[in-house]
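The values are calculated or read from the model by the stated rules, or taken from the named source; none is laboratory data. From a predicted model like this one, the values you see are computed outputs, not experimental measurements. Please note: Cβ atoms are built from the backbone with ideal geometry, for glycine as well, and neighbour counts cover all protein chains shown. Side chains included, ligands, DNA and RNA excluded: accessible areas come from the protein's heavy atoms. Shrake-Rupley method; radii C 1.70, N 1.55, O 1.52, S 1.80 Å.
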Amino acid sequence: MPNLNWISLDGGSTGVTSDIVTVTAGSTHSIRFDFLPLNHPLTNGTVVITVEGLTIDTDDIHTINSGWTQVPASVISGNGTTATFANVNEPLNSWLAFQLNGVTVPSISGDYLVSVSLDVDGSDTEYAPSDSKTIILRVVE
């Protein structure tokens, strides 16, 4: 299955090693997560990003099935809480990334979840279920 790694908050070069990222209420950030390297190819795979308290929009960028490009409106659902990339084809050892650009975190303190999942063969069942990772975005006053 793919390695799902949380890499950086606001362009930090060393990445975030904890599953809890603490930010100040109402602050604005760029949040990026990478899958590297893929240790299994994706064949008609699915990548799903789900956020709480944040919004995915077409200003965000990704490398899924492409070089860096903006997120198309057609993959965004749930009032900006989910982005679903279907029919993803990526070779073994490739690198995928998704970045939320300039998102403002909630002004209310609490824990908000950011989840990413990969299913290497989409709706096929040869590889099931999927690799997933959830990060807690801890908002503090």
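Worth pointing out:
- Unmet requirement for Asp19, which otherwise passes all of (1) open to solvent by 60 Å² or more (accessible area, probe 1.4 Å); (2) at pLDDT 90 or above: (2)
- For region 87-100, the count of residues that are modelled with pLDDT of 95 or more, acidic (Asp, Glu) and over 17 Å from Val21 (Cα atoms) is zero.
- Of all residue pairs spaced 6 or more apart or on separate chains, those with beta-carbon atoms under 7 Å, a first member in region 83-107 that is within 17 Å of Ser30 (Cα to Cα) and without any contact (Cβ under 8 Å) to a residue 60 or more places away in the chain and a second member that is in a strand (DSSP E or B) and open to solvent by 20 Å² or more (accessible area, probe 1.4 Å) are Ala83/Ile76.
- From the list Leu118, Leu54, the lone residue that is touching a strand residue (DSSP E or B) at 6+ places or on another chain (Cβ under 9 Å), under 19 Å from Ile31 (Cβ atoms) and part of a strand (DSSP E or B) is Leu118.
- Checking Glu141, Glu126 one by one, the residue that is over 16 Å from the mean Cα position of the chain (by Cα), at pLDDT 85 or above and open to solvent by 20 Å² or more (accessible area, probe 1.4 Å) is Glu141 and no other.
- In region 57-95, the qualifying residues are those that are aliphatic (A, V, I, L, M) and part of a loop (DSSP other than H, G, I, E, B), and the one that is nearest to Asn44 (Cα to Cα) is Ile64.
- Residues of region 103-123 satisfying the condition of being open to solvent by 30 Å² or more (accessible area, probe 1.4 Å) and at pLDDT 90 or above: Thr104, Ser107, Ile108, Ser109, Asp111, Tyr112, Leu113
- Restricting region 22-47 to residues that are at pLDDT 70 or above and in a loop (DSSP other than H, G, I, E, B), the residue that is least open to solvent (accessible area, probe 1.4 Å) is Leu38.
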